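Just so it is clear, none of the values below were taken in a lab; they were calculated from the coordinates. Predicted, not measured: the structure shown is a model, and the values here were computed from it. Using ideal geometry, Cβ is built from the backbone for each residue, glycine included, and neighbour counts are taken over all protein chains shown.
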Amino acid sequence: MNGNFVYNNPTKLYFGEESLGYLAEELKCYGPTVMLSYGGGSIKRNGIYEAVVAQLQAAGKRVVEDAGVMPNPTYEKVMEGCRKVRENDVDLILAVGGGSTIDYAKGVAASAYCEEEPWEKYWVKQGNPTCKTVAVGAVLTMVGTGSEMNGGSVITNRKAGFKLGKVFGPALYPKFAILNPRYTMTVPQYQMVAGFFDIMSHLMEQYFAGKADCTTDYIAEGLMRSLVHSSRIAAKNPQDYEARANIMWTATWALNTLLKCGKGGDWEVHQIGHAIGLVTDATHGMTLASVSLPYYRHVMGDGLHQFVRFARNVWGVRPEGKSDEEVAAEGLACLEAWMREIGVVMHSGELGVTEENLQAVADAVLILPVGYRTLTRDEVVEILRESM
Ligand code: NZQ
Ligand code: ZN
């Protein structure tokens, strides 16, 4: 292991079919007013809303309704949530939904009492809150982002022309998160497999960095193998509880700060994905799927040892009689075959990237000076063009 790090994850997780029962205990820790934040209404159709409201009522809470958090949540929506928090003196924001709703809740929690312009302070300058913040709790209904146990808050600001992530410190992590795999069973297949790829991408973004022998890589390989196994089952039979439960658990560990210990991380696929999301509003996991193969094939030579390791330890590629380049390329071919098998979007053109908006997408890509290769803008355009 290289480097110095602090590992501190304060989110308390409740996992399993009975997990919502623990909400009552958690609610005792907070004041009388709970803002119930959720998305476009899926929780009203599948009964989760009713179950959560019943718990809030039984606990005697005053509930402030906060509906309409959209996928790829916007800064305008965050500002609207901030006004609601201040007007109602909210004690807890209970986010019921996927990554978008939980990311939004963290953004609101940090921004409601911020005396500066939150977009500039947090998302552009990557500063940390110096004001009072509001507690966030989560009931997860869609698997993929890891937002249930991390400080990430990815917000789209179309006026500013960026979709940016801010990773807040542990004070902004959900205080608790309720993970009931049954709650994810109504997620449409397209969203479900997008989430599967998002998990794989989080694992790869952290894995493809560094040269040292690192325990963290062994953990990541185990999670990747479990994900590949369970996703093959779930893509064919989404109602397979065991597979969905395994994937839910994998998603949480894929991005809850454990896997960055001793690793620098890459995250360029996410930067390109966010730029596509900004311009097309496409589903996050699909934006990543559409650019990952061109990106990894582009940087494979710069981090060859790790791509060889990926091929052997994740996909079981046999190295005998093959060059390192051949082994590494075979690993990426296995990744491609798995992506096709579970049914993710393979081309950014299908998401709305065109020759006309390609430059706008490239302009919105943050180029990070980490990973095995720092891209030039021309390389970003090349990768985007290959991805179409
Ligand atoms: O809005 P509702 O009606 O709830 O419908 C949602 C939404 O349309 C639906 N859905 C969720 N649970 C459902 C369900 N439909 C039926 N049954 C259920 N049980 O699914 C759609 C997508 O939801 P969303 O929350 O947008 O998906 P996801 O969890 O993939 O979140 C994506 C957002 O998270 C950010 C992404 O950039 C994107 O903005 N990310 C957050 C990260 C973090 N916090 O660390 C890291 C990630 O890399 C990612 O960037
Ligand atoms: Zn992601």
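Sort out which residues of segment 100-116 are of a type outside the set (A, V, I, L, M) and either closer than 15 Å to A171 by Cα or over 14 Å from the mean Cα position of the chain (by Cα) (or both), and write them in order of number. If you could, list the steps in order and put the result at the bottom.
If we filter segment 100-116 for residues that are of a type outside the set (A, V, I, L, M), which is where we start, we get 100-101, 103-104, 106-107, 111, 113-116.
D103, K106, G107, S111, Y113, C114, E115, E116, listed by residue number.
If I go through segment 128-142 residue by residue, how many of them are touching a residue at least 60 places away in the same chain (Cβ under 8 Å) and near ligand 1 (Cβ under 7 Å from one of its atoms)?
Qualifying residue count for the region: 1.
For segment 63-83, give me each residue that is in contact with a helix residue (DSSP H, G or I) (Cβ under 8 Å, 6 or more places away or on another chain), on the phi < 0 side of the Ramachandran plot and away from ligand 2 (no atom under 16 Å from the Cβ).
V63, V64, D66, V69, M70, Y75, K77, V78, M79, G81, C82
How many residues does segment 35-63 contain that are small (G, A, S), outside any helix (DSSP H, G or I) and touching a residue at least 60 places away in the same chain (Cβ under 8 Å)? Give the derivation first.
Our first condition is that a residue be small (G, A, S); within segment 35-63, this holds for 37, 39-42, 47, 51, 54, 58-60.
Subsequent filtering for residues that are outside any helix (DSSP H, G or I) retains 37, 39-41, 47, 59-60.
Filter once more, keeping what is touching a residue at least 60 places away in the same chain (Cβ under 8 Å): 37, 39.
Going through segment 35-63 one residue at a time, the tally reaches 2.
Look at segment 131-145 and say how many of its residues are closer than 20 Å to L258 by Cα and more than 16 Å from ligand 2 (Cβ to nearest atom).
The number of residues fulfilling the criteria is 1.
Taking segment 146-199 as the region of interest, how many residues are outside any strand (DSSP E or B), touching an Asp or Glu at 6+ places or on another chain (Cβ under 6 Å) and within 16 Å of ligand 2 (Cβ to nearest atom)?
Residues flagged as outside any strand (DSSP E or B), touching an Asp or Glu at 6+ places or on another chain (Cβ under 6 Å) and within 16 Å of ligand 2 (Cβ to nearest atom) within segment 146-199 amount to 1.
Could you please let me know if E120 is touching a residue at least 12 places away in the same chain (Cβ under 8 Å) and either not in a loop (DSSP other than H, G, I, E, B) or not basic (K, R) (or both)? Before the answer, list the steps.
Details: touching a residue at least 12 places away in the same chain (Cβ under 8 Å): no; either not in a loop (DSSP other than H, G, I, E, B) or not basic (K, R) (or both): yes.
For E120, the condition - touching a residue at least 12 places away in the same chain (Cβ under 8 Å) and either not in a loop (DSSP other than H, G, I, E, B) or not basic (K, R) (or both) - is not met.
Which of the following residues is surrounded by 24 or more Cβ atoms within 10 Å (Cβ to Cβ) and over 19 Å from the mean Cα position of the chain (by Cα): D91, D66? Can you show your working first?
Details: D91 fails: surrounded by 24 or more Cβ atoms within 10 Å (Cβ to Cβ).
Exactly one residue qualifies, and that residue is D66.
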